[in-house]
Amino acid sequence: MINNFKYSFNEKRYHTFNYYLKNKYHKKVSKIIIDAGFTCPNRDGKKAFGGCIFCSQAGSGDSNLVSSENILKQYSENKKIMDNKWPNGFYIPYFQSFSNTYGPLEKIQNMLEPFLKMDEVVEIAIATRCDCLEDDIINYLDRISYIKPINLEIGLQTSNDEVGKIINRQYDFKDFKEALYKLDKTNIKVCVHVMNGLPFEDKNSMLKTIEDINHLPFDAIKIHMLHIIKNTSLASLDEINNYQLISRDEYIELVVKQLELLRPEVVVQRLTGDPIADDLIKPNWLLNKTTILNDIDKLMRKLDTYQGIKYEQ
């Protein structure tokens, strides 16, 4: 087998985040998760409907970080941990919990301004929703993106609006597309979040999500497996319905098919999540992240396939 895929090291057959970072910065780059104390319009505001059904009280991220108003303290403490592993590395502050552009512009400026002056910070990542991108906020992020690259991580989960209603997303695929086209006129980079295994969504619909976004302007993707965690609406529904989530083997096969459809220049930042063991109800196989990634690699080698092989046909 000959690996014809050009965006990778170590015989990977998809465009890894590691390849992107090392190829651009030639040094170890680590993300540092920060909770900036934001909330979400689906919980607090005109769309206060209790949040997406899979989202916990700490947001949809997998970090067990305790929220603190002192953003710089969070950054410093987590940076020390990374420095012990990889001295003299570079960093990407990642504002993960909830929607970090949902708030007054001044709050967002106060969140970001200190990091624009740090030499070791090479990029900034901001998790948000497509309905939390007012023009003044986009204009500000566009301006500072020429100082430090700004990456907006925007949750889509699925292009299927019926499934979007089931998960209580409170925006539709049209809203998502309009936000991406607006951002395409700026210097801001976009990472799209997709989630497999949502309730009542079949595999054809999960594959169609990749097909539907492929023509849209975005730079990176995170693919997650739905996992049910404690103290969420989904956990309460699961007690009643006992959802049958897709199996580990089904997930691996599905991800490989999604990668085959995904255009090759898109950076793949994640192919699975990192649930906290104490909070996880199911599926338990998600706790073995390394073996999942290894088995995705093995299947791609076995099939002699790679990212974009079907997109290019």
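The values are calculated or read from the model by the stated rules, or taken from the named source; none is laboratory data. From a predicted model like this one, the values you see are computed outputs, not experimental measurements. Heads up, the Cβs are rebuilt from the backbone with ideal geometry, glycines too, and the neighbour counts pull from every protein chain shown.
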Could you check region 126-228 for helices (runs of 4 or more DSSP H) lying wholly inside it with 1 or more residues that are within 18 Å of the chain's Cα centre (by Cα)? 161-166, 173-183, 203-213
Kindly check whether there is at least one residue in region 10-31 that is assigned to a loop (DSSP other than H, G, I, E, B), modelled with pLDDT under 80 and either surrounded by 14 or more Cβ atoms within 10 Å (Cβ to Cβ) or not acidic (Asp, Glu) (or both). yes
Could you identify the single residue in ASN214, ASN294 that is of a type in the set (S, T, N, Q) and under 15 Å from THR16 (Cα atoms)? ASN294
Take the conditions at pLDDT 95 or above and touching a helix residue (DSSP H, G or I) at 6+ places or on another chain (Cβ under 7 Å) and apply them to LEU262. Does it pass? yes
Starting from region 76-97, take each residue that is more than 22 Å from ILE126 (Cα to Cα) and modelled with pLDDT under 90 and list its partners that are of a type outside the set (D, E, K, R) and not in a loop (DSSP other than H, G, I, E, B), counting only C-beta distances under 8 angstrom and pairs at least six apart or across chains. none
Which one of the conditions (1) surrounded by fewer than 19 Cβ atoms within 10 Å (Cβ to Cβ); (2) part of a helix (DSSP H, G or I) does GLN74 fail to meet, given that it meets all the rest? (1)
If I ask for residues that are part of a loop (DSSP other than H, G, I, E, B) and under 29 Å from PHE54 (Cβ atoms), which ones from region 83-125 would you list? GLN96, SER97, PHE98, SER99, ASN100, THR101, TYR102, GLY103, PRO104, GLU123
For region 82-118, enumerate the residues that are touching a Lys or Arg at 6+ places or on another chain (Cβ under 9 Å) and on the phi > 0 side of the Ramachandran plot. ASN88, PHE98
In the set ASN187, ASN168, the lone residue that is surrounded by fewer than 18 Cβ atoms within 10 Å (Cβ to Cβ) and either among the charged types (D, E, K, R) or touching a Pro at 6+ places or on another chain (Cβ under 9 Å) (or both) is ASN187
